[in-house]
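Student: Pasting a structure below so you can have a look.
The values are calculated or read from the model by the stated rules, or taken from the named source; none is laboratory data. What you are looking at is a predicted structure, and each value in this text was computed from that prediction instead of being measured. Please note: Cβ atoms are built from the backbone with ideal geometry, for glycine as well, and neighbour counts cover all protein chains shown.
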Amino acid sequence: MEIALLTGSAGLIGSESVKFLSPKFDKVVGIDNNMRAYFFGEKASVEWNKQWLSENLSNYEHCSLDIRNYKELERIFQLYGKDIKIIVHTAAQPSHDWAAKEPLTDFSVNAVGTMNMLELTRLHCPDAVFILTSTNKVYGDTPNNLPLIELDTRWEIDQSHPYYQNGIDESMSIDNSKHSIFGASKVSADIMAQEYGKYFGMKVGIFRGGCLTGPNHSGAELHGFLSYLMKCAITGNQYTIFGYKGKQVRDNIHSWDLVNMFWHFYQNPRFGEVYNAGGGRFSNCSMLEAISLCEKITGKKMNIAYSEQNRVGDHIWWISDTTKFKNHYPQWSWKYSLEEILEQIYSSLSTRASSEFELSGNFPESKLEKPVL
């Protein structure tokens, strides 16, 4: 039997991975205890997605476990052992702002949880391919020192700079910058994953994502840029831009395109390799440009507020250079454009609006307690 094991399996990238890998493996085991609802409130719950996966994929098994609990995780690895062929580790606390409220929780999820997964992989299925969804926030605010030029709707890098054509590559330093608490915990996970690959000779790939997005995102104000933006566009709820005149640039990669990167890596893995993974020059936008697209798709004027205070450690301009990955896996490329992504999100949110997870903004906030280990 060949098994795929995934963490954060009801989240955006986790659920996309489940659907992608389900036809390719005998069994897919997903781990997700819906901590997203604890982080961001019940409106960000992934319970709806967990139910869909369980009801529609016959070879999917869901486990509601906390990745910080080594003993609970160990039972999964003991049960399936060397039948596990791929591990896609997507579970994380993903927000700058939230991390500052509970640094210990943030670090325990992002760093300790990753350490648990790596060590159990080494002990029970060392030949498995291990995929870590890292983040471009490991570079801290170093990108803000680039020579940026203000245009009408966005910040852009000077055309004479080497990063202009394809974006920022993996050679950028991750040292001597302000990462945010979240960024620092993800650096810990990122470096440890590299070390397990290089020191122990394990097949580990680290993917430093830009804005990861898609129709299955449970967007919230503190995380899920395009999903939350479109949610506000549909409902008329106020959307707040934080700093940089709304001209900050993000590249956006569809969850399917990212998981397809994972699949290419799985078929020809390397040892502790790092890749920037985003929409690159193919799919990127400023906040102002994204707002304009949302208004075009919904046919509604958005309710926008502006705060001069930018988020700590936030990037003014980020476009991922995926050249390294393309050189290693030349058959991979993007499938979904920015406008296609937003149209899919619009369709998905509109369909889900009549479900128990209302988009009206009247859904009660989470009453979840912090999980006790």
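Student: Looking at segment 305-327 only, could you name the residues that are surrounded by 15 or more Cβ atoms within 10 Å (Cβ to Cβ) and part of a helix (DSSP H, G or I)?
Tutor: Thr323, Lys324, Phe325, Lys326
Student: Return only the number of the condition from (1) at pLDDT below 95; (2) in contact with a Phe, Trp or Tyr (Cβ under 8 Å, 6 or more places away or on another chain); (3) not aromatic (Phe, Trp, Tyr) that Ser360 does not satisfy.
Tutor: Here Ser360 clears every test but (2).
Student: Something else: Scan segment 140-183 for residues that are in a helix (DSSP H, G or I) and in contact (Cβ under 8 Å) with a residue 24 or more places away in the chain and report the count.
Tutor: Matching residues across segment 140-183 total 7.
Student: If you don't mind, there's one more thing I want to ask. Among the residues of segment 225-237, are any assigned to a strand (DSSP E or B), surrounded by fewer than 23 Cβ atoms within 10 Å (Cβ to Cβ) and not aromatic (Phe, Trp, Tyr)?
Tutor: No; the residues of segment 225-237 include none that is assigned to a strand (DSSP E or B), surrounded by fewer than 23 Cβ atoms within 10 Å (Cβ to Cβ) and not aromatic (Phe, Trp, Tyr).
Student: Here is a check on your reading of the model: is Ala10 under 17 Å from the mean Cα position of the chain (by Cα), hydrophobic (A, V, I, L, M, F, W, C), surrounded by 19 or more Cβ atoms within 10 Å (Cβ to Cβ) and more than 23 Å from Tyr196 (Cα to Cα)?
Tutor: Criteria met by Ala10.
Student: For segment 171-197, which positions are more than 18 Å from His89 (Cα to Cα) and over 18 Å from the mean Cα position of the chain (by Cα)?
Tutor: Listed by number, the residues that qualify are Ser171, Met172, Ser173, Ile174, Asp175, Asn176, Ser177, Lys178.
Student: Here are the criteria: (1) within 30 Å of Leu288 (Cα to Cα); (2) out of contact with any Pro (no Cβ under 8 Å at 6 or more places or on another chain); (3) surrounded by fewer than 17 Cβ atoms within 10 Å (Cβ to Cβ). Tell me which single one Trp155 does not satisfy.
Tutor: Tallying (1) within 30 Å of Leu288 (Cα to Cα); (2) out of contact with any Pro (no Cβ under 8 Å at 6 or more places or on another chain); (3) surrounded by fewer than 17 Cβ atoms within 10 Å (Cβ to Cβ), Trp155 fails exactly one: (3).
Student: Select, from Arg270, Arg281, Arg208, the only residue that is of a type outside the set (Val, Ile, Thr) and part of a strand (DSSP E or B). Steps first, answer last, please.
Tutor: Values: Arg270 fails: part of a strand (DSSP E or B); Arg281 fails: part of a strand (DSSP E or B).
The conditions single out Arg208.
Student: Residues in segment 19-43 that are closer than 25 Å to Asn260 by Cα, assigned to a helix (DSSP H, G or I) and out of contact with any Leu (no Cβ under 8 Å at 6 or more places or on another chain): how many?
Tutor: Total satisfying the criteria: 4.
Student: Identify the single condition in (1) in a loop (DSSP other than H, G, I, E, B); (2) within 24 Å of Ala44 (Cα to Cα) that Gly201 does not satisfy, given that it satisfies every other one.
Tutor: (2) is the only condition that Gly201 fails.
Student: Right, next: Being within 13 Å of Ile345 (Cα to Cα) and of a type outside the set (D, E, K, R) is the filter here, so list the residues in segment 221-251 that pass it. Before the answer, list the steps.
Tutor: Taking segment 221-251 first, the residues within 13 Å of Ile345 (Cα to Cα) are 224-234.
Selection gives Gly224, Phe225, Leu226, Ser227, Tyr228, Leu229, Met230, Cys232, Ala233, Ile234.
Student: Please indicate, with yes or no, whether at least one residue in segment 50-57 is modelled with pLDDT of 95 or more, more than 27 Å from Ile345 (Cα to Cα), touching a strand residue (DSSP E or B) at 6+ places or on another chain (Cβ under 8 Å) and surrounded by fewer than 22 Cβ atoms within 10 Å (Cβ to Cβ).
Tutor: No, segment 50-57 has no match at all.
Student: May I pose another question? Going residue by residue through segment 76-95, is there one that turns out to be closer than 23 Å to Glu170 by Cα and surrounded by fewer than 23 Cβ atoms within 10 Å (Cβ to Cβ)?
Tutor: Yes, some residue in segment 76-95 is closer than 23 Å to Glu170 by Cα and surrounded by fewer than 23 Cβ atoms within 10 Å (Cβ to Cβ).
Student: If you don't mind, there's one more thing I want to ask. Determine which member of the set Phe40, Phe77 is more than 30 Å from Tyr199 (Cα to Cα), among the aromatic types (Phe, Trp, Tyr) and either at pLDDT below 95 or in contact with a strand residue (DSSP E or B) (Cβ under 9 Å, 6 or more places away or on another chain) (or both).
Tutor: Phe40
Student: Further question: Does any residue in segment 187-198 that is more than 18 Å from Phe107 (Cα to Cα) and buried (at least 23 other Cβ atoms within 10 Å of the Cβ) come within less than 8 Å, Cβ to Cβ, of a residue that is at pLDDT below 95 and not basic (Lys, Arg) six or more places away or on a different chain, and which pairs are these?
Tutor: Once the first residue is more than 18 Å from Phe107 (Cα to Cα) and buried (at least 23 other Cβ atoms within 10 Å of the Cβ) and sits in segment 187-198, no partner that is at pLDDT below 95 and not basic (Lys, Arg) comes close enough.
Student: Filter segment 53-76 down to the residues that are in contact (Cβ under 8 Å) with a residue 12 or more places away in the chain, under 18 Å from Val18 (Cα atoms) and in a helix (DSSP H, G or I), then identify the one that is farthest from the chain's Cα centre (by Cα).
Tutor: In the first step, residues of segment 53-76 are kept if they are in contact (Cβ under 8 Å) with a residue 12 or more places away in the chain; the result is 53, 57, 59-70, 73-74, 76.
Filter once more, so that each one left must be under 18 Å from Val18 (Cα atoms): 53, 57, 59-65, 67, 76.
Of the ones still in play, those that are also in a helix (DSSP H, G or I) are 53, 76.
On the way: Leu53: 19, Ile76: 24 Å.
Of everything passing the filter in segment 53-76, Ile76 is farthest from the chain's Cα centre (by Cα).
Student: Could you check how many residues of segment 322-355 are within 16 Å of Trp256 (Cβ to Cβ), modelled with pLDDT of 95 or more and of a type in the set (Ser, Thr, Tyr)?
Tutor: Going through segment 322-355 one residue at a time, the tally reaches 5.
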